[in-house]
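The values are calculated or read from the model by the stated rules, or taken from the named source; none is laboratory data. Just so it is clear, the structure is predicted and the values come from calculations on it, not from any experiment. Because the Cβ atoms are built from the backbone with ideal geometry, glycine has one as well, and the counts that use them run over all protein chains shown. Accessible surface is based on the protein model in full, side chains and every heavy atom, while ligands, DNA and RNA are left aside. Shrake-Rupley method; radii C 1.70, N 1.55, O 1.52, S 1.80 Å.
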Amino acid sequence: GATVNDDFQFNIPLNTPGGPLKGLEFTYQQPFVFLPGFWSDFGVQLNYTYVDSKIQYMTAAGATSLRTDLTGLSKNAYNATLYYEGDKFSARVSAAYRDDFLTTVPGRNNNDVEGTAETLTIDMSASYKINEHFELTLEGLNLTDEFQDQWVDSIGDRASVYHHTGRQYFLGIRYKL
């Protein structure tokens, strides 16, 4: 249905000159082997990351645009896992947090940026060894029923996509040869 009188817009991605990436990461893992009895089968894994990077973006025509955060980069992120590893039964519960982050610079339709809002999700998994060959498993994802909110425009914060996968549960059985 297109004619010679129709206008079309073509965009070609361009690489920016880049920029510095600064940050730090802390990780701590501790099995609780110093505790008595079954408490010695517990443990914890902790992680925190801070990253900062600002780069000069360009338009599809090659002109300079905004100088702002690197796309896909959250300044703060952390993960925490509490686990139990017994001979027959093992389980873990994990929390993962991520700051908001930019996904597109410049944004579509003359918007300055597009991004994704912060998230905090909690997941769990457990398994029970029936014998040397069979193991039952249970996983629960997004137990807090977190939504993923993608937005357009740093000032207007207009909804672009609002994902809702809901809580997910998986029951399984494993067989080892």
Lys/Arg Cβ at +1, Asp/Glu Cβ at -1, dipole of the chain taken about the Cα centre: which of Leu141, Gly72, Thr27 is farthest positive-ward?
Thr27
Cα-based Rg (one decimal) and Dmax (whole number) for segment 95-161, in Å?
18.9, 61
Bin by bin, in steps of 10 Å, what percent of the Cα pairs in segment 1-64 do you find, going until the bin that has the longest distance?
15, 19, 17, 15, 13, 12, 6, 3, 0
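Using alpha carbons only, what's the Rg to Rh ratio of segment 13-99 with Rh from Kirkwood? Could you put the intermediate results ahead of the total?
On the way: Rg = 20.6 Å, Rh = 16.2 Å.
With Rg and the Kirkwood Rh in hand, the quotient comes to 1.28.
Tell me, what is the per residue accessible area of the chain in Å², probe radius 1.4 Å? Before the final figure, lay out the partial values.
Working: 12170 Å² over 177 residues.
On a per-residue basis, the chain sits at 69 Å².
How large is the Kirkwood hydrodynamic radius of segment 1-153, in angstrom, based on all distinct alpha carbon pairs? Present the calculation step by step, with values, prior to reporting the outcome.
Numbers: mean 1/r = 0.0512 Å⁻¹.
That comes to 19.5 Å for segment 1-153.
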Work through the residues other than Gln30 whose Cβ is under 15 Å from its Cβ and net out their charges, Lys, Arg +1 and Asp, Glu -1.
-1
So if I take the centroid of the Cα atoms in segment 125-141 and the same for segment 1-57, what is the distance between those two points in Å?
30
Candidate lysines - alpha carbon under 22 Å from Lys75, same-chain residues fewer than 8 apart omitted:
Lys22, Lys54
Highest-first arrangement of 137-143, 2-8, where packing means the average Cβ count within 10 Å
137-143, 2-8
How much of the accessible area of the chain, probe 1.4 Å, is carbon plus sulfur, in whole percent?
57
